[in-house]
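One structure is given below, encoded as structure tokens.
The values are calculated or read from the model by the stated rules, or taken from the named source; none is laboratory data. Just so it is clear, the model here is predicted, and its values are computed rather than measured. For neighbour counting, all protein chains shown are included, and Cβ atoms are generated from backbone atoms with ideal geometry for every residue, glycine included. Side chains included, ligands, DNA and RNA excluded: accessible areas come from the protein's heavy atoms. Shrake-Rupley method; radii C 1.70, N 1.55, O 1.52, S 1.80 Å.
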Amino acid sequence: MPPTEENNLQLVKDAYASSARGEPQGFTASFTADTEIHEAPSLPYGGIHKGVQSFPTLIGKVLEHYSSLKFTKHNIIASGDNVVSWGVLDLVGKKTGTAVTIPLVEIWTIIDGKTQKLEVIYGDTFEALKAADLL
């Protein structure tokens, strides 16, 4: 693996490790004012969220609908400027108490050690919306 891919892979692994320790600032350590987080438009927090400060706001919006969320990685690979992780997202709807497990892919685009884009791809937004009592 070329050095850039190794660095990008380590950057994302470090972000997830920070998140697992409950350190959101570590998760966003490579974010800039120009970083874009792309969420499925069909979700109540969907759309493009821009900048490092958008992450806590985004999480706040997610937690308006879910009492619990946990991403479990199954694998993570690097290819050029992209790092792709996939696994499952466990959510519990705040209003319903319904738990769902949804396949999830995150594609990180990293240029010169900074995250340019984080694209979040859900396997099933319908189940997430149902669990949140939004259908």
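Points to keep in mind about this one:
- Using only alpha carbons, the stretch 42-90 has a radius of gyration to Kirkwood radius ratio (Rg to Rh) of 1.03.
- Residue-normalised accessible area of the chain, given per residue in Å² at a 1.4 Å probe: 52 Å²
- Expressed as a fraction of 2.2 N^0.38 Å, the value expected for a compact globular protein of N residues, the C-alpha radius of gyration of the chain is 1.04.
- Cβ-based net charge around residue 58, under 15 Å, with every Lys or Arg adding one and every Asp or Glu removing one: -2
- Dipole of the stretch 60-118, positive direction: furthest Cα of 63, 88, 103, with charges on the beta-carbon: 63
- What you get for the stretch 1-69, charging only the Cβ of Lys and Arg (+1) and of Asp and Glu (-1), is a dipole of about 180 debye around the Cα centre.
- Whole-percent carbon and sulfur share, accessible surface of the chain, 1.4 Å: 53 percent
- Spherically averaged projected area of the stretch 1-81 from its Cα convex hull (nm²): 6.0 nm²
- Within-13-Å neighbourhood charge of residue 72 [Cβ basis; K, R +1; D, E -1]: 0
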